[in-house]
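Since every read-out is calculated from the coordinates, none of them should be taken as a lab result. If you're wondering where the values come from, they're calculated on a predicted model, not measured in any experiment. So basically every Cβ, Gly included, is an ideal-geometry build from the backbone, and we count neighbours across all protein chains shown.
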Amino acid sequence: MGTKISSATTYEASRNPIETIDGFVDAVLSELATMKAEGIKVRTKGPKKPMDDKDLRRCITSIWFVCYGGMQWRAIADLTKIPLSTLFALFSRWTRLRLWNRLMLRLAVAWRTACGDTPMPSALCIDSRSVRSAPTCGFCGIDGGKNVKGVKFHIAADKHGSVFAVEVTPANVHDTKGIVPVLEDLAELGFSGGALGDLGYRGEPLAAAARALGLNGVDAVAGGRGGVFVPAGIRWTVERSFAWASFYRRLNVIFERKGEHMIAFFEIMMVSILSRRLDRLVAAR
């Protein structure tokens, strides 16, 4: 059976993420200020007048709407009256600087701390999801098992569903090969626990590769019996993370040409969810 997960106390809020978009914008602005203090140039300088805080908030909000609403870049630029070159240039630059990844990890650690857990989990759940791609997608493959032509996301999430690493490959790449870059990212973060996956991650070569990276191997457990899903331990929590991603339309059909942009939208989705959680925390007496 599934394991009961204790979370921090939060107050009831609307299920509409648009009503809490200010929390996402504030989190991004806070991370941008931190990166600027570290000497990272988060915005390029040019002959044009520097962007004020109001326009910067509009740009961040527009990027979020591209992820959540699945809007085209040209459409959101026309609606917000922000030049397309400015909007996409900011998204691309922040992606190269790993802004979304830094913010996702910081908020994931903050949520674990609020729940009374250690900053780094002792075990992470791994899984993959095949997503259809548009003709504009930079690379794609065919997942014969799920009959999907597109790309495949590989993630590692903790018991709260917070993602700590995400990679993307063509859909025809096997899970045991596509998850290796995820394990490498976890090793760089200092994670030394075990990885829990379904039976698709069976095999000594993958377990040996995990141990070579300093991880405590890969434990493959069955996720169902007789075609019926059975929540085993905390491994089912990674399925919930993919379920959250289905609400963000840019992740339902992939249009991006670069893999780093695909990963960026997945990280933006997690930042949106985690910032909304943290904003709803109830202060202890």
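Tell me which residues, restricted to the stretch 124-168, are surrounded by fewer than 17 Cβ atoms within 10 Å (Cβ to Cβ) and more than 23 Å from R249 (Cβ to Cβ).
G144, G145
For every residue, the table says whether it meets (1) in a helix (DSSP H, G or I); (2) closer than 15 Å to L196 by Cα; (3) aromatic (F, W, Y); (4) in contact with an Asp or Glu (Cβ under 7 Å, 6 or more places away or on another chain).
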| site | (1), (2), (3), (4) |
| --- | --- |
| A110 | yes, no, no, no |
| P119 | no, no, no, no |
| I142 | no, no, no, no |
| G150 | no, no, no, no |
| A165 | no, yes, no, yes |
| N172 | no, no, no, yes |
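Give just the number: which of (1) without any contact (Cβ under 8 Å) to a residue 24 or more places away in the chain; (2) crowded, with 19+ Cβ neighbours inside 10 Å does W100 not satisfy?
(1)
Test V42 against the stated conditions and say whether it is part of a helix (DSSP H, G or I) and closer than 22 Å to M104 by Cβ. Quick ask: steps written out before the conclusion?
Details: part of a helix (DSSP H, G or I): no; closer than 22 Å to M104 by Cβ: yes.
Taking the combined requirement at face value, the residue does not satisfy it.
Kindly indicate whether R235 is under 20 Å from the mean Cα position of the chain (by Cα) and either in a helix (DSSP H, G or I) or more than 30 Å from V25 (Cβ to Cβ) (or both). Write out each step before concluding.
Working: under 20 Å from the mean Cα position of the chain (by Cα): yes; either in a helix (DSSP H, G or I) or more than 30 Å from V25 (Cβ to Cβ) (or both): yes.
When the stated conditions are applied, R235 passes them.
I'd like to verify a number: residues in the stretch 67-124 that are aromatic (F, W, Y), over 17 Å from S275 (Cα atoms) and under 19 Å from the mean Cα position of the chain (by Cα), how many?
Of the residues in the stretch 67-124, the ones aromatic (F, W, Y) are 68, 73, 88, 91, 94, 100, 111.
Narrowing further to those that are over 17 Å from S275 (Cα atoms): 73, 88, 91, 94.
Of the ones still in play, those that are also under 19 Å from the mean Cα position of the chain (by Cα) are 91, 94.
Final tally of qualifying residues: 2.
Any idea how many residues of the stretch 242-285 are over 20 Å from M71 (Cα atoms) and assigned to a strand (DSSP E or B)?
Residues that pass the stated criteria total 1.
For every residue, the table says whether it meets (1) out of contact with any Pro (no Cβ under 8 Å at 6 or more places or on another chain); (2) within 22 Å of G178 (Cα to Cα).
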residue	(1), (2)
T80	yes, no
F88	yes, no
L99	yes, no
D117	yes, no
C125	yes, yes
S128	yes, yes
R132	yes, yes
C140	no, yes
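Check G116, G69 and return the single one that is surrounded by fewer than 19 Cβ atoms within 10 Å (Cβ to Cβ), on the phi > 0 side of the Ramachandran plot and touching a residue at least 24 places away in the same chain (Cβ under 8 Å).
From the options G116, G69, the qualifying one is G116.
Going through I76, I82, I21, I60 one at a time, which residue ends up being of a type in the set (A, V, I, L, M) and not in a helix (DSSP H, G or I)?
I82
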